[in-house]
Structures are given as C-alpha cells and as structure tokens.
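The values are calculated or read from the model by the stated rules, or taken from the named source; none is laboratory data. Model, not experiment: these values are computed from the prediction. Using ideal geometry, Cβ is built from the backbone for each residue, glycine included, and neighbour counts are taken over all protein chains shown. Surface accessibility is based on the protein's heavy atoms, side chains included, excluding ligands, DNA and RNA. Shrake-Rupley method; radii C 1.70, N 1.55, O 1.52, S 1.80 Å.
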2 protein chains.
Amino acid sequence: MDKELSERRKKILTALIDSYISEAEPISSSAIQEKYLPDVSSATIRSELATLEEMGFLTQPHVSAGRIPSSKAYRYYVDNILEISDDDTEQIKSILETKYDSIKEIVKDGAKVVSDITNYTSMLMISSTDNIVINDVKLVDMYDGTALVLVVTNNGTIKDKDIKLPENNVKNYIEVANGLLYRSFAGKKLVEIVHSHNIIDAQLHDFKEVFEQVLNLIIDYKKNREEQVVIEGKDKIFNYPEYNDINNVKNFISIVDNKDKLHEIVDEKDGSIEFSVKIGKDADEKLEDMAVVSAKYKMNGEEIGQLGVIGPQRMNYKKVLAVLKEIGKMFEDLENNK
Amino acid sequence: MDKELSERRKKILTALIDSYISEAEPISSSAIQEKYLPDVSSATIRSELATLEEMGFLTQPHVSAGRIPSSKAYRYYVDNILEISDDDTEQIKSILETKYDSIKEIVKDGAKVVSDITNYTSMLMISSTDNIVINDVKLVDMYDGTALVLVVTNNGTIKDKDIKLPENNVKNYIEVANGLLYRSFAGKKLVEIVHSHNIIDAQLHDFKEVFEQVLNLIIDYKKNREEQVVIEGKDKIFNYPEYNDINNVKNFISIVDNKDKLHEIVDEKDGSIEFSVKIGKDADEKLEDMAVVSAKYKMNGEEIGQLGVIGPQRMNYKKVLAVLKEIGKMFEDLENNK
DNA sequence: AATTAGCACTCACGACAAATGAGTGCTAAA
DNA sequence: TTTAGCACTCATTTGTCGTGAGTGCTAATT
C-alpha cells in the first residue's frame with residue numbers, strides 16, 4: 001500500500017522531514033534542491049511535492065509557503081525509512097557512558113537521563129503490578145501493642161503503618177496470625193488478592209480485623225504503584241518554537257500533568273510491542289501536534305515499566321529511538337551479568 | 001513609615017486592588033469614582049492616584065491607561081488593610097466541610113484540597129526532618145541470609161532494602177546487632193546521626209558493614225523526605241489572563257518544576273513565622289509578577305510541613321489566607337481530640 | 001486649602017492600504 | 001520526463017490615520 005514510494009520520493013520526503021525536524025520551518029522546493037537534490041531542478045521537485053501532497057504526506061500552511069510533513073509522513077518515516085546505524089548507536093552509547101557512571105544511576109533516574117540526552121520531556125511509568133507474587137506476610141512486634149506489617153514480594157518488601165493488636169497475649173497472637181497470613185497470601189499474585197475480597201470470610205473471626213488491614217495495605221500499594229509516573233524536563237518543551245503558542249503549551253501541560261491521560265496514551269493493549277511511536281491525533285485524540293515515543297522494559301522476563309519521551313511531532317525520532325534501544329541493551333547486560 | 005496613609009487613600013488603594021484582582025485590567029479614576037467613591041469627583045481621585053503613584057504603590061502601563069497596583073501595594077494591602085472576617089472563615093469552613101468528608105482526606109492530599117478551593121496552583125512541602133527522633137533500629141530476619149532494616153521513629157517507621165548478613169549463625173548475629181544498633185541510634189535525632197559518621201569506628205569490627213548500611217539508609221531517607229514537594233493544579237494557572245503570555249508561563253513552570261527554587265522561595269529563616277506572603281521580585285528575584293502564600297503547620301509542637309499556593313501577583317490573598325488558616329485550625333482540632 | 005469642571009494632550013489600538021517577496025502551478029519547449 | 005519561464009497567490013511588513021480612553025494641569029469654586 002503506502003510502501004510504494006519511488007526512491008526519489010523517499011529521498012524528498014526524508015529531506016523534508018530532516019529539515020523540518022531541525023528548522024521547524026516550511027521547506028520550499030528550491031531549498032530541497034539546493035541542499036539535498038542538486039541534480040534535478042526545483043520544478044521537478046515541485047511536481048513531486050504536488051504528488052506527495054495528494055498522497056497525504058505533506059501539507060501547505062498556505063499557497064505561497066513551503067511544505068511541512070503531516071503525521072502520516074512521520075509515520076511513514078519511522079516505519080519505512082528510518083534506520084539506526086551502528087554509528088548512531090555508538091554515539092549514544094558513548095554519551096551514556098560519559099554522562100553516567102553506572103547503569104544503576106540510569107535505572108534510578110531513568111527519566112532524567114533520557115530527558116537530558118534527547119532534550120525532550122521524558123516520562124517513566126511503572127508497569128502493572130498484577131504479576132507481583134507475595135512470598136510472605138509477617139507481623140513484627142513493635143511497641144504499645146502495635147505491630148508492623150511486612151509484605152514480602154518477589155519485587156521487594158512493602159511495609160506500611162503499624163496496626164493495632166488485641167490487648168492480651170500479644171506474642172501468641174502474632175504467631176498464630178503469621179501462620180494464617182502465610183497460608184492465605186503466600187504464593188498468590190497481587191491481582192488475585194485484590195480481586196478476592198472473600199478471603200476474609202473464610203478466616204477465623206478473631207483475626208478478621210488484622211486481615212482487613214493487611215488486605216487494605218496490599219490494595220493501596222497496588223494502586224499507588226500503578227499510578228506512579230515520573231516526568232522529567234518539562235521545561236525542555238520551550239526549546240521548540242511550536243511551544244511559543246500558548247495553546248500548545250496548555251495542551252502539553254494538560255497531558256503531562258494528567259497521569260490517567262498519559263497511561264491511556266502509552267498503554268498498549270498488545271503486550272508484545274516493545275517500541276511504541278504515536279504521532280499526532282491520528283494516534284490519539286489528545287496528541288494534536290505532538291508525538292510520544294516509548295519503550296517497554298523487561299527484567300527477568302517480567303515487564304517492569306515504560307520509559308519514553310513526549311514532544312513536538314517533528315521529533316528527532318532517530319535519536320530518541322537510539323537512546324531507548326541503547327538503554328534496553330544496558331538492561332539486558334545488567335541481567336546477564338548477574 | 002508607609003503606614004501613614006489617609007483613610008481615603010486606603011480606600012482608593014483597596015478599591016484598586018479589589019478591582020484588579022477580579023478584573024485584571026488597569027483601573028481608571030472614573031471607574032473608581034463610579035463603583036467605590038461616588039461622593040468625590042474623578043479629578044480628586046486622579047490627584048490622589050498621582051500621589052499614590054509617587055509613593056510607589058501604583059504604576060501606569062502607559063499614560064492613557066488606568067493604574068495597576070505594584071508589588072508594594074499588595075504588600076501594604078496584606079500587611080495593613082486585609083482583614084479576615086468571621087464571615088469569610090465561616091464560608092471557607094463550610095466549603096471545606098461540604099467538599100471533604102474528613103480531615104484525614106485533607107491531610108492526605110492537602111495540596112489538592114487547597115488548589116481546588118482557591119483555584120490556584122498549590123504546593124505541599126515536607127519540613128526538615130532534623131528533629132525526628134529514632135526510637136529503635138531493628139533487623140528482621142528474612143530469607144536467603146538477608147535481613148530487613150526497620151528504623152522506628154517518632155514519626156513512623158522507615159524500612160528499606162534488605163541487607164546481607166554474614167553466613168553463619170544468623171540468629172545470634174541479629175540479636176547482637178540489634179542490641180548494638182539500639183544502643184547506637186535509639187534516642188538520637190536524625191540530624192545528629194547524619195552528622196556523626198564516626199559512630200561506625202567506635203563499633204565492633206564485625207558489624208561495621210551492617211552499620212554502614214543502616215547509616216546510609218537513614219541518610220537517604222532524610223534526603224528524600226526533604227526533597228519531597230507535591231504540586232497540584234498546575235493547569236489552573238491558565239485561568240488567569242496574565243498567563244496568556246508565554247514568558248510568564250515559562251517563568252512559572254521553571255519555578256514550579258524546580259524543587260530547589262521552591263524551597264529557596266518558601267523556606268523562612270525565621271522559624272516563628274507562620275504565614276508567609278512573598279510578592280513579586282522584591283521578595284525573590286524569581287518571583288517576577290508572581291506571589292507565593294504559604295503556611296507552616298505543626299503537630300504536637302513539631303513542624304511537619306508547609307502548604308501554600310503560587311499564582312499571579314493579583315492574587316485573592318483574602319481567600320487564600322482564610323483557607324490556609326482554616327486548615328490550620330483543623331489541625332489544632334485534630335490534635336486536641338486525640 | 002481642598003475640590004472640581006474643563007480642556008488640551010498622549011498614546012495604545014484597530015482598520016485600512018500599499019508594497020514586498022517567497023513560493024507555487026502551469027505551460028510550452030527541450 | 002525534465003526544465004525554464006512566467007503569471008498568480010497570499011502572508012507579512014510597513015505606514016497612515018482615526019478613535020477613544022484616560023490623564024495632567026489650570027483656573028474657578030467652596
């Protein structure tokens with residue numbers, strides 16, 4: 001279908017996008033001729049441009065202006081033209097290496113690293129916690145007849161507020177409760193627990209309260225983790241001239257400051273897609289004139305989160321994708337060396 | 001000094017500020033006459049305005065425009081004119097009550113509540129953790145030769161990653177370590193601990209590693225807490241026409257997204273000041289055309305944090321201060337009822 | 001001495017017109 | 001199929017002018 005573009009048209013389209021990515025100005029036929037295709041005349045390029053426009057790849061702000069790429073053009077560019085060469089990779093790698101001492105730092109503030117290198121606003125989202133497995137639940141005796149709840153998962157330990165214990169025979173109570181808690185929760189996935197409120201009823205009446213508190217703790221934890229979104233470098237957006245328009249800024253802020261919207265845009269139904277590139281409102285109603293590039297990262301086969309950038313449509317896709325890929329490789333290395 | 005304004009001048013200044021707060025337009029002498037002072041002529045008001053301008057309370061965008069209040073005017077207004085009546089308080093109270101079921105909700109997302117009621121961007125900052133006292137430090141036996149560190153403070157429990165234990169005789173090791181940890185840390189303030197790295201040297205060599213890990217945990221905790229800033233309702237800023245100017249928006253974002261700057265602006269050397277109102281760049285170089293109103297909250301005599309709003313200079317100081325005060329009262333009630 | 005009416009003056013703002021020039025589409029020739 | 005040439009379009013810039021809001025000043029009034 002759309003893949004049938006002649007080489008020259010591809011070349012013209014690429015020239016147009018490259019130029020627009022760096023200049024943010026409509027490009028004229030003669031500009032393309034001078035800088036990218038000196039062997040043909042501007043008139044030829046003009047007729048090619050007319051065809052490309054008919055095909056929906058280009059638009060013209062007005063009749064006496066040059067052309068700018070449409071969302072479809074970026075889409076085509078990312079899908080069919082863009083290639084990340086070893087050179088690009090090498091370059092990114094060396095930037096990553098000189099800027100950050102260890103991969104640990106990158107994991108910790110991944111969003112900041114990505115934002116700094118790409119020069120776009122970046123976002124880090126923690127993945128669904130459905131598959132976290134609880135290894136054990138323990139009460140630890142504290143003071144004043146309270147106990148601390150520890151929920152040990154395959155992904156770290158959750159702890160939260162103390163819970164109150166019944167007055168008498170605390171030591172014994174905790175022991176029995178720990179046994180019950182272990183039998184009820186250990187080995188279960190978070191998602192199972194959250195959806196099976198009836199666990200409580202099956203238990204002994206004396207421990208009902210403790211169970212409820214533990215359950216709430218787990219539910220809260222799940223909810224909080226899933227809402228977690230880190231945004232870095234919001235002010236980088238002002239580097240791009242399209243964000244001299246207050247309406248674009250409003251739009252940007254309203255997306256970036258709204259966790260739910262961000263999730264909606266980034267979350268991919270298809271679990272197997274590693275890199276996601278959403279361009280313009282064809283991809284999502286809210287993304288007018290914007291683009292989101294994101295990657296899913298895994299650790300030991302388990303999805304741990306998504307990292308990406310959000311910026312103007314005329315984004316440096318090559319660089320962004322190279323950075324995200326390179327970080328992916330670093331994760332792999334980290335996994336293998338351990 | 002500046003306190004010597006005649007009643008009529010006060011009245012005019014108040015009229016000007018009130019009008020500008022709601023309209024965001026320069027006010028002319030005749031407008032003041034019509035709406036606020038029908039008993040004198042506009043010419044009289046004009047000459048008063050000229051004097052007020054000379055005194056630095058007013059500025060004129062250009063010669064054929066009305067006047068707008070300067071930072072100094074707002075300052076004077078807040079310090080010498082503004083009074084919060086019982087009526088205002090009642091009104092805020094009823095809004096708070098109808099909007100939020102319990103004080104708990106307000107504590108939990110204080111920033112959101114304040115932003116919703118005032119209609120300004122709000123911020124919540126956790127206070128210095130210097131005075132948090134450690135009650136105990138405990139290792140809890142986990143699996144695979146690891147232990148979880150629990151640091152119990154008068155302000156909740158900190159837990160963090162597991163730490164590795166020496167291979168043999170785990171149970172005994174933990175017991176001894178717990179004793180040592182208790183003796184080293186219990187009763188000390190966070191600030192003391194962070195500044196006394198030499199604790200380690202005094203301890204037995206076998207436990208050096210555990211001590212270091214615990215110490216790092218405490219230091220990290222302190223650092224993280226202090227950096228914590230919650231911002232709510234950033235997009236509310238677009239409700240105010242001064243933020244149709246992209247430069248003001250840039251300025252706003254750069255302040256609001258920069259924890260350090262915010263701390264710098266809000267942090268008050270004088271520990272006794274409860275309400276702080278900073279207006280314009282007289283107060284802080286970065287606050288060009290903006291104002292920050294914030295309050296310090298205490299619980300059991302201990303400062304727990306600051307809550308406030310940031311917005312245009314022509315802020316509804318009355319409402320904002322009333323809301324912050326009312327929330328303060330709720331804290332007091334909460335304390336007394338417990 | 002304070003207030004006021006009256007009037008000349010300033011200046012932002014919007015409307016309109018004219019000039020400019022960048023870039024196009026089309027046509028006819030190579 | 002490509003290209004040179006040219007007429008055409010239209011955003012942008014610049015300049016002029018009229019309008020009106022609001023002021024500052026002065027002279028008269030209380």
Theoretical ellipticity at 222 nm over chain A - DSSP helices of four or more residues, -39500 (n - 2.57) apiece, nearest 500: -14000 deg cm²/dmol
Helix B:42-54: angle to the longest alpha-carbon principal axis of chain B, degrees 0 to 90, nearest 10? 40
Interface area, A with B, accessible, probe 1.4 Å, both sides summed, Å² nearest 100: 2000
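With r defined as the distance between the Cβ atoms of residue A:30 and residue B:59 and R0 fixed at 56 Å, what FRET efficiency is calculated, to the nearest 0.05? Show your work: numbers first, answer last.
Numbers: r = 50 Å, r/R0 = 0.89.
According to the calculation, E is roughly 0.65.
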Rounded to whole Å and sorted largest first, list the principal axis extents of the Cα atoms in the protein assembly as shown. 82, 81, 53
Top mean-square fluctuation among A:86, A:136, A:116, Gaussian network model of chain A, C-alpha springs under 10 Å? A:86
Provide an ascending nm list, one decimal, of label-point separations from residue B:65 to the equivalent residue in each further copy; define each label point as 7 Å from Cα along Cα→Cβ. 3.0
Carbon plus sulfur fraction of accessible area for segment A:215-338, probe 1.4 Å, in percent: 41
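I need to check one value: relative contact order of chain B, counting alpha carbon pairs closer than 8 Å and at least 6 residues apart, in percent. Show your work: numbers first, answer last.
Values: 450 pairs, mean separation 63.4, N = 338.
Reported as a whole number, the value is 19 percent.
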So the label point sits 7 Å from Cα along the Cα-to-Cβ vector; using that for residue B:51, what distances do you get to the other copies, in nanometres, sorted shortest first? 8.1
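Between residue A:245 and residue A:9, how high is the FRET efficiency from 1/(1 + (r/R0)^6) when r is the Cβ-Cβ distance and R₀ = 30 Å? Nearest 0.05. Walk me through the numbers before you get to the answer.
On the way: r = 31 Å, r/R0 = 1.03.
E between residue A:245 and residue A:9, to the nearest 0.05, is 0.45.
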Using alpha-carbon coordinates alone, the radius of gyration and Dmax of chain A in Å work out to 26.5, 94
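Counting only protein heavy atoms, what percent of the accessible surface of segment A:39-103 is carbon or sulfur at a 1.4 Å probe?
Details: 1650 of 3610 Å².
Here carbon and sulfur together make up 46 percent of the probe-accessible area.
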Interface residues in segment A:210-235 - accessible area drops by 20 Å² or more relative to the isolated chain, probe 1.4 Å: A:234, A:235
With springs only between Cα atoms under 10 Å, which of A:170, A:194, A:292 fluctuates most in a Gaussian network model of chain A? A:170
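Work out the FRET efficiency for residue B:171 and residue A:216 from their Cβ-Cβ distance, taking R0 = 35 Å, and round it to the nearest 0.05.
On the way: r = 32 Å, r/R0 = 0.92.
My answer for the efficiency is 0.60.
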Can you compute the equivalent ellipsoid semi-axes for segment B:211-338, i.e. the square root of 5 times each eigenvalue of the Cα gyration tensor, sorted largest first and rounded to whole Å? 28, 21, 13
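Over the protein assembly as shown, average the accessible area per residue using a 1.4 Å probe and give it in Å², no decimals. Display every interim value, and only then the final one.
Numbers: 34350 Å² over 676 residues.
It amounts to 51 Å² per residue over the protein assembly as shown.
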Can you give the accessible area of residue B:29, probe radius 1.4 Å, in Å² rounded to 10? 20
As a test question: what accessible area, to the nearest 10 Å², does residue B:284 have when a 1.4 Å probe is rolled over all protein chains in place? 20
Area accessible to solvent at residue A:123, 1.4 Å probe radius, in Å²: 0
Within the set of other residues whose C-beta is less than 10 Å from the C-beta of residue B:130, count the net charge using Lys and Arg as +1 and Asp and Glu as -1. -1
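What is the sum of charges, Lys and Arg at +1 and Asp and Glu at -1, for the other residues whose Cβ falls under 15 Å from the Cβ of residue B:189? Write out the running numbers ahead of the final one.
Numbers: positive: B:188, B:222, B:225; negative: B:130, B:136, B:192, B:226, B:302, B:303.
Neighbourhood net charge equals -3.
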